[in-house]
Amino acid sequence: MDKSVRLNWVDAAKGISILLVVMMYAAYGAGEATQGVGALHYIIGFATPFRMPEFFLISGLFLANVINRPWGKFADRRAVHYLYFYLLWAVIHIGLKVGLASGDPVMAAQSIAFAAIQPYGVLWFIYVLALTSIAAKVLMELRLPHWLVFAGAAALNMAEINTSSYAVDQFARYFVFFYSGYAFAPAIFKIVEKAMSAPRLATAGLVAWALVNAYFVFTPGALTETGLAFTPSFVAEPGHFTMGLAEAASVQFVLALVGTVALCVGAGLLSQINFMGWLSYIGKHSLVIYVAFVLPLGFSRIALVKLDLLTDTTALSVVTMVIAIILPLMAHWLVEKIGFGKFLFNRPSWFALPAKPSKSDHSIKFGAPAE
């Protein structure tokens with residue numbers, strides 16, 4: 001497959017993933033503000049099994065390009081790179097949401113210090129992404145076979161570990177998907193390539209998958225303390241969605257694996273449609289959106305609710321979601337245009353390990369192939 005075509009579908013997959021992430025926060029935030037449930041709650045419910053696993057799988061797809069580098073270069077590109085943006089944006093988020101809101105600089109400083117050991121808010125993904133990269137490198141150097149690591153990571157996922165460390169819990173839950181992207185990248189690229197060459201058959205397969213996924217998500221049967229007990233139905237609440245049969249750890253794991261591949265196939269098909277280029281554009285700038293979206297999302301929701309401009313849950317969800325996606329992209333464009341504030345989206349050359357890569361490799365990227 002041509003490299004540009006390959007990157008287009010990867011970017012489209014990242015675009016779908018970031019849209020789903022922003023959609024979840026927009027839907028739950030609007031739901032809690034209006035005490036209602038809107039249409040986006042059900043879309044998020046459908047995507048719950050594979051929404052975050054897809055982000056991790058995509059991040060691991062090109063790991064093979066860099067994992068054999070010396071530790072210094074690898075850690076700089078796959079750990080320090082992400083930790084820079086985590087630390088920077090954690091300070092920005094906490095400064096605006098805690099410092100300004102409470103007017104208590106001491107509390108803000110304490111929150112920033114705590115963020116070093118306990119991932120802050122939505123930024124947890126970037127924090128854990130650095131950990132998964134380091135873990136994959138260690139396991140590679142130990143020469144453990146892919147099947148053994150995958151089996152262990154899958155068991156870790158289904159164990160539903162719950163500790164006092166959010167980083168540990170999320171690592172346990174998502175490492176298997178990151179590692180799957182790395183270990184099974186050739187197979188994933190081959191599946192997508194074949195799907196793109198047979199779009200009708202691939203579309204039929206996606207419809208079948210969607211029906212199966214919906215069945216497990218929306219069919220009664222929630223996991224309780226006594227085991228799998230049937231309940232009246234799935235539960236869509238203003239700030240949370242509880243799945244049906246898919247709540248069982250083993251079922252959710254399988255749905256996540258199948259769903260991530262299905263989303264890649266869907267991205268491959270969408271990338272072939274000319275007017276869907278915007279999706280790949282969003283995907284290319286997915287981390288730009290990820291680090292910043294909660295700020296315009298929260299402020300716009302508060303303003304719209306207080307001014308009583310929107311009271312419908314679905315309408316409020318959609319409007320704030322669009323704002324949360326567009327404003328970070330506009331900020332990024334403006335920074336690139338005027339040349340001021342580039343440190344927000346480009347890692348400075350001084351924030352690197354001694355064995356640093358080229359300066360051009362410091363821009364804010366997510367899951368892109370490294371040279």
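The values are calculated or read from the model by the stated rules, or taken from the named source; none is laboratory data. Bear in mind the structure is a predicted one, so any value in this text is a computation, not a measurement. Using ideal geometry, Cβ is built from the backbone for each residue, glycine included, and neighbour counts are taken over all protein chains shown.
Couple of notes before you dig in:
- Per-region count, the stretch 88-121, residues crowded, with 18+ Cβ neighbours inside 10 Å and either touching a Pro at 6+ places or on another chain (Cβ under 9 Å) or under 19 Å from F171 (Cα atoms) (or both): 5
- Restricting attention to the stretch 321-345, the residues that are in contact (Cβ under 8 Å) with a residue 60 or more places away in the chain, surrounded by fewer than 20 Cβ atoms within 10 Å (Cβ to Cβ) and closer than 28 Å to I43 by Cα add up to 0.
- Among the residues of the stretch 173-181, not a single one is exposed (fewer than 14 other Cβ atoms within 10 Å of the Cβ) and assigned to a helix (DSSP H, G or I).
- Of the residues making up the stretch 46-57, those that are part of a helix (DSSP H, G or I) and surrounded by 24 or more Cβ atoms within 10 Å (Cβ to Cβ) number 5.
- Each residue in the stretch 137-163 was checked for being free of Cβ contacts under 8 Å to residues at least 24 places away in the same chain, under 21 Å from the mean Cα position of the chain (by Cα) and farther than 12 Å from F175 by Cα, and 2 pass.
- Filtered residues of the stretch 330-371 (kept if in contact with a helix residue (DSSP H, G or I) (Cβ under 7 Å, 6 or more places away or on another chain), outside any loop (DSSP other than H, G, I, E, B) and modelled with pLDDT of 90 or more): A331, H332, V335, K342, L344, N346
- Test: residue in the stretch 2-16 that is within 21 Å of D169 (Cα to Cα), modelled with pLDDT of 95 or more and not polar (S, T, N, Q): no
- Residue match in the stretch 240-260 (condition: of a type in the set (G, A, S), at pLDDT 95 or above and buried (at least 19 other Cβ atoms within 10 Å of the Cβ)): yes
- Within the stretch 182-191, considering residues that are in contact (Cβ under 8 Å) with a residue 24 or more places away in the chain and small (G, A, S), the one surrounded by the most Cβ atoms within 10 Å (Cβ to Cβ): A183
Rundown of residues vs (1) farther than 30 Å from W9 by Cβ; (2) crowded, with 21+ Cβ neighbours inside 10 Å, yes/no style:
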{"position": "R301", "(1), (2)": "yes, yes"}
{"position": "L304", "(1), (2)": "yes, no"}
{"position": "T313", "(1), (2)": "yes, yes"}
{"position": "V319", "(1), (2)": "no, no"}
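- Helices (runs of 4 or more DSSP H) wholly inside the stretch 85-165 that include at least 1 residues being aliphatic (A, V, I, L, M) and under 23 Å from V22 (Cβ atoms): 124-141
- For R77: the one exception among (1) over 22 Å from K14 (Cβ atoms); (2) assigned to a helix (DSSP H, G or I); (3) modelled with pLDDT of 90 or more; (4) of a type in the set (D, E, K, R): (1)
- In the stretch 263-277, the residue that is surrounded by the most Cβ atoms within 10 Å (Cβ to Cβ) out of those that are assigned to a helix (DSSP H, G or I) and either among the polar types (S, T, N, Q) or in contact with a Gly (Cβ under 8 Å, 6 or more places away or on another chain) (or both) is A267.
- Matching residues, the stretch 192-239, being within 23 Å of T313 (Cβ to Cβ), at pLDDT below 90 and either of a type in the set (S, T, N, Q) or in a helix (DSSP H, G or I) (or both): S233
- Verdict on L123 being touching a residue at least 40 places away in the same chain (Cβ under 8 Å), under 21 Å from P348 (Cα atoms) and in contact with a Phe, Trp or Tyr (Cβ under 7 Å, 6 or more places away or on another chain): yes
- Hey, A267 in contact (Cβ under 8 Å) with a residue 40 or more places away in the chain and farther than 18 Å from I44 by Cβ or not: yes
- Among all positions in the stretch 58-72, there is at least one residue which is surrounded by fewer than 22 Cβ atoms within 10 Å (Cβ to Cβ), assigned to a helix (DSSP H, G or I), touching a Leu at 6+ places or on another chain (Cβ under 8 Å) and not acidic (D, E).
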